[in-house]
Amino acid sequence: TQTYKLAVVAGDGIGPEVIAEGLKCLAAATEGTDIAFETTEFDLGAQRWHATGDTLTDEDLAAIKGHDVILLGAIGDPSVPSGVLERGVLLPLRFALDQYVNLRPSRLYPGEVSPLRDVDEVDFVVVREGTEGPYVGNGGALRVDTPHEIATEVSVNTRHGVERVVRYAFEVASKRDRKQLTLVHKHNVLVHAGHLWRRTVEAVAPEFPDVTWDYLHIDAATIVMTTNPQRFDVIVTDNLFGDILTDQAAAISGGIGLAASGNVNPDRTAPSMFEPVHGSAPDIAGQQKADPSATVLSVGLLLDFLGYPELAARVESAVAADAAAKGDAQRSTSEVGDALAARIRG
Ligand code: IPM
Ligand code: MN
C-alpha cells in the first residue's frame, strides 16, 4: 500500500462543508486501490485567530511540511480585519512551501451554461505565478490618514521566479493538443516587469519548438475571454493578473462553484496544496448550500499531481456527468458530494 500524508485545512465559512465532500470523493476514488491517505487536520483561520491571535505559526508550518500534500477549503471571515488571514495564513503557505505555480484549469462541461452567448466550448488552463508579483507585501504607507498619504505596493519579479513558471507553462502547453501559450501582462505600461516576462518567454520558447506562443495585454485578454475564450489554450501570467483573470475564467465556464486550483511546487521540495478558487462564502456557511464540485475537482488535480491521472480523470468525469444530469433541483452540499462519490465509484 502506498500511503500519503494529507494535511487538511478546512478553514472558514463553507470550507468544512466542501472539504467533507472532497474527502468523501477522495475515499471513493481510491476505494479498492492500494492507495491510502492518512489525514491530519489543521485548525487555521478565523476561529483560531479569535481564540489565540495566531495565524500560521512556525510549528504549524513545520508540521504541514511533514505531509505529502495539502487540501484546503477556504480562509477568510468578515469578523477578521481584511488581509489578516490572507496575509497571515494563505499567502504564507503558498510562499513558504514555494508553490510557484498556481494552476487553474477552466472547462465548460456539457450541461453547464456559460453566461456568454454562442460559447459552447471553453478549455484552457491559466498558469498563474504564485510566489511573487504585487503579493509579496513589498510596500508601505507614509503620512497615513493625511491628505498627503502615499502608499506603495511594489511588484517583485525575479528572473528566477519568472523563468521557472514560464518553463512550467510551456511544459503544460507542450502536453496539450493545441500547444498554444499566451503570455498576459501589460508591458506597454509596466515596462520593467512586463519586459522581463516577455524576454523570459522569448528565451525559454526555443526549448519547446512544438509550442506556439503569443502575447496579450491584460486588458485585451479580458475582452478576448469574454468574446472568444476558445482562443486560449494555456495562459501564463503574474500573480495579480492571474488572480483577476481566473475569476473571470470561472465565471464564463460554469461559475465559481466549479473552479478548482492547485498551488503546485513542481520541484517537490515542499507539499503542494489544492483548493477551490472560491472563498469562504460566510453568507451561506453552515447551511449545506455550497457546491462542493470545485473542491472535488481540486481533489482530482491532487490525484493527478501524485501520479494517478486515471483516478483524476474519473473524478473530473464524475463532475462533468453530474453537471450534465443535475437539472434545476436544489441539492444540499452533501447530496452533491454523495452523487459525485457514487459516479466516481462507477
Ligand atoms: C485566490 C484568492 C486569494 C488570492 C486571496 C484570498 C488572498 O483570491 O486564491 O484567488 O488573491 O490569491
Ligand atoms: Mn482570487
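All of the numbers you see were taken from the coordinates with simple rules; none came from a lab. The structure displayed is predicted, hence computed values, not measured ones. Here Cβ is always computed from backbone atoms with ideal geometry, including for glycine, and neighbour counts include all displayed protein chains.
Taking 0.36 nm per residue of sequence separation and removing the Cα-Cα distance, the Thr52/Leu142 pair yields an extension gain of 29.4 nm. Since only Ala141, Pro209, Ile252 are under comparison, the one whose Cα sits farthest along the positive direction of the charge dipole of segment 114-253, derived from C-beta charges on Lys, Arg, Asp and Glu, is Pro209. Label separation (Val224 vs Ala342): 4.3 nm, computed from points 7 Å beyond Cα along the C-beta direction.
Anyone know which of Gly255, Gly83, Gly279 comes out most mobile in the 10 Å Cα GNM of the chain? Ranking Gly255, Gly83, Gly279 by mean-square fluctuation puts Gly83 first.
Assuming R0 = 22 Å, can you tell me the calculated FRET efficiency for the pair Thr33 and Ser317, based on Cβ-Cβ distance, to the nearest 0.05? Taking R0 as 22 Å, the efficiency between Thr33 and Ser317 is 0.85. In this structure, Ser82 and Arg231 have a Cβ-Cβ separation that, at R0 = 41 Å, corresponds to a calculated FRET efficiency of about 0.70. The amide H of Ile235, built 1.01 Å from its N in the peptide plane, has Val125, Val126, Val127, Thr182 as neighbours under 5 Å, considering only residues 5 or more places off or on other chains.
The spacing between segment 317-346 and segment 3-36, judged by their C-alpha centroids, is 16 Å. Helical content of the chain, expressed as a calculated mean residue ellipticity at 222 nm, amounts to -12000 deg cm²/dmol (DSSP H runs of 4 or more residues, -39,500 (n - 2.57) each, divided by residue number, nearest 500). Other residues within the sphere of radius under 14 Å centred on the Cβ of Pro266, judged by their own Cβ, net out at 0 (K and R +1, D and E -1). Counting only residues at least eight positions apart within a chain, or on another chain, the lysines with an alpha carbon under 23 Å from that of Lys5 are Lys24, Lys65. Near Asp233, once Lys and Arg are set to +1 and Asp and Glu to -1 for all other residues with Cβ below 9 Å from its Cβ, the sum equals +2. Applying a DSSP loop filter and a limit of 16 other Cβ atoms within 10 Å to the trypsin sites (Lys or Arg not before Pro) in segment 244-346 leaves Arg268, Lys289, Lys326, Arg331. At full extension, Ile150 and Phe95 could sit 17.1 nm farther apart than now, given 0.36 nm per residue minus the alpha carbon distance. A cut-off of 5 Å between modelled amide H atoms, ignoring neighbours fewer than 5 places along the same chain, links Val101 with Gly130, Val264.
Taking θ as phi - 60° and the Karplus parameters 6.51, -1.76 and 1.60, the scalar couplings of segment 132-140 work out to 9, x, x, 7, 7, x, 8, x, x Hz in sequence order, x denoting glycine and proline. Just to be sure I follow the definition: excluding the sites themselves, where is the longest run in the chain that has none of the GluC sites (Glu not before Pro) in a DSSP loop with at most 12 other Cβ atoms within 10 Å? Looking at the chain, 150-346 is the longest stretch - no exposed GluC sites (Glu not before Pro) with at most 12 other Cβ atoms within 10 Å. Using the Cβ-Cβ distance between Thr269 and Thr212 with R0 set to 30 Å, the FRET efficiency works out to roughly 0.45. Here, the chain has an Rg and a Dmax of 19.9, 66 Å when only alpha carbons are counted. Dipole of the chain computed with +1 at Lys/Arg Cβ and -1 at Asp/Glu Cβ about the Cα centre; of Ala318, Pro81, Leu183, farthest Cα towards the positive end is Leu183.
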